[in-house]
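All of the numbers you see were taken from the coordinates with simple rules; none came from a lab. Quick caveat, the model's predicted, so the values are computed rather than measured. Positions of Cβ are generated from backbone atoms using ideal geometry, with glycine treated the same way; all protein chains shown enter the neighbour counts.
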Amino acid sequence: MTVEVGTELPEQVFRVTRADLVRYAGASGDLNPIHWSDRTATSVGLPGVIAHGMLTMAVAGRAVTAWTGDPAALVEQHVRFGRPVVVPDDDQGAEITVRGKVGALLDDGRARVDLTVTSDGDKVLSLARAVVALA
Amino acid sequence: MALDQTLVGRSYPPSAVYEVGRAKIAEFATAVGAGDPVHRDVDAARAAGHPDVIAPPTFAIVVSLGAAMVVLEDPDVAIDYTRVVHGEQRFAHHRPIRAGDRLVATTTIDAARTVAGNDMLTARVDLATEDGEPVCSATSMLVARGGS
């Protein structure tokens, strides 16, 4: 794989449903009701149930590991949570789209990947970067 | 009330040991949709050069965010817990977390500032094995939105 500054990652589209949020809540231990109760979510001013920010971060990381082919190659990840991903109570859920390109080649055979993560056309992570060890 | 700047650099005693299990890794991998066999199949993990199945990269949060709560429980940290949201997250992995790891978390306050009434507190959680091998540094920026 030839990697240079500007190399683009294949765009990845992920779907997140309410069932996925419940599964993530259980696996992570983050039981905050804004991720499963519309009543709680709307009472704190959200449009409805939102995805865990850490689930969005995990999904963004998957786009990177799908590209490198090796989960262990993701050595650093940094995200800033911008807008919430609102997940409707239907079978389709929300769509999260991850695009990325190589922003810099670093020392020790590493590269910085700059990601753009959107849902429903809005950027949900205001900063999303990963550092990968290139094989 | 503005956050006390002298909090920066404060470190808390190491956590109890968190023992990483294969079933927990598999459960977490399923929850984030990570399908790679290195998360579930010991043989596949060994073929890839790991001693046991490895966790997906964000698994560190399962251990680190719980450890970081020690900061919010500190009586000197005047933050309203009910208004806290996760602002930013960073991981620096020294190596993947794997089944059998016995992890100890040490939490340090890296930054504390108050901007436009919002308290922003950055907690770094260093995960290491019981024997002291560094595994992951997880940094969480927590924001407590200023309210009435």
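Need one word for region A:73-135: rounded, prolate or oblate. Basis is the Cα gyration tensor (sqrt eigenvalues a ≥ b ≥ c); a/c below 1.5 gives rounded, then a/b vs b/c decides.
Prolate shape, in that a/c is at least 1.5 and a/b is the bigger ratio.
Given the rule -39500 (n - 2.57) for each run of at least 4 DSSP H residues, summed and divided by the residues of chain B, what is its mean residue ellipticity at 222 nm, to the nearest 500 deg cm²/dmol? Please report the intermediate quantities before stating the final value.
Values: 3 runs with 29 residues, N = 148.
Helix contribution divided over all residues of chain B: -5500 deg cm²/dmol.
Using the number of other C-beta atoms within 10 angstrom as an exposure proxy, rank B:Val63, B:Val115, B:Val20 with the fewest first.
B:Val115, B:Val20, B:Val63
Using only DSSP helix segments of four residues or longer, with each worth -39500 (n - 2.57), what per-residue ellipticity at 222 nm results for chain A after dividing by its residue count and rounding to 500?
Value at 222 nm, helices only: -7500 deg cm²/dmol.
For helix B:60-72, what angle does its Cα long axis make with the longest principal axis of chain B, in degrees from 0 to 90 and rounded to 10?
Computed tilt is about 20 degrees.
Measure nothing but the geometry: give the 0 to 90° angle between the long axis through the Cα atoms of A:53-68 and the longest principal axis through the Cα atoms of chain A, rounded to 10°.
30 degrees
Based solely on C-alpha atoms, express the radius of gyration and the Dmax of the protein assembly as shown in angstrom.
Cα only, the protein assembly as shown: 18.5, 57 Å (Rg, Dmax).
Near the amide H of A:Leu106, under 5 Å away, which other amide H atoms are found, from residues 5 or more places off or on another chain, if H is placed in the peptide plane?
A:Ala111, A:Arg112
Could you give the length gained by full extension between B:Asn118 and B:Thr82, i.e. 0.36 nm per residue of separation minus their alpha carbon distance, to one decimal place?
11.6 nm
How much net charge surrounds A:Ala27 when only the other residues with a Cβ under 10 Å from the Cβ of A:Ala27 are counted, with Lys and Arg +1 and Asp and Glu -1? Don't skip to the end; give the middle numbers.
Working: positive: A:Arg23, B:Lys24; negative: A:Asp30, B:Glu27.
With Lys, Arg at +1 and Asp, Glu at -1, the net is 0.
In percent, how large is the relative contact order of region B:1-112, given Cα pairs closer than 8 Å and 6 or more residues apart?
49 percent
Pick out which of B:Ala116, B:Ala45, B:Ala99 has the largest mean-square fluctuation in a Gaussian network model of chain B, springs linking Cα atoms closer than 10 Å.
In the Gaussian network model the winner is B:Ala116.
Give me the number: length gained by fully extending A:Asn32 to A:Asp122, i.e. 0.36 nm times residue separation minus the C-alpha to C-alpha distance, one decimal in nm. Could you put the intermediate results ahead of the total?
Numbers: separation 90, 0.36 × 90 = 32.40 nm, distance 2.35 nm.
Result for the pair: 30.0 nm of gain on full extension.
Counting only other chains, and only Cβ atoms inside 10 Å, what mean value do you get across the residues of A:43-56?
Shielding by partners across A:43-56 averages 2.
In peptide A:26-32, what is the residue-averaged number of other protein chain Cβ atoms found within 10 Å of each Cβ?
Shielding by partners across A:26-32 averages 5.
If you take the beta carbon distance between A:Asp108 and A:Glu8 as r and set R0 to 30 Å, what does 1/(1 + (r/R0)^6) give as a FRET efficiency, to the nearest 0.05?
In this case the efficiency is close to 0.85.
Give me a single rounded figure for B:55-65: the average over its residues of other chain Cβ atoms within 10 Å of their Cβ.
5
Where does helix B:22-31 land angle-wise versus the long Cα axis of chain B, in degrees 0 to 90, nearest 10?
70 degrees
Test of understanding: extend the Cα→C-beta vector of B:Ala2 to 7 Å, then name every residue of region B:95-134 with backbone N under 19 Å from that spot.
Flagged as within label range: B:110-122.
How large is ³J(HN,Hα), in whole Hz, for each residue of region B:9-21 in order, when computed from phi with the Karplus curve 6.51 cos²θ - 1.76 cosθ + 1.60 and θ = phi - 60°, using x for Gly and Pro?
x, 5, 10, 10, x, x, 6, 5, 5, 9, 8, 7, x
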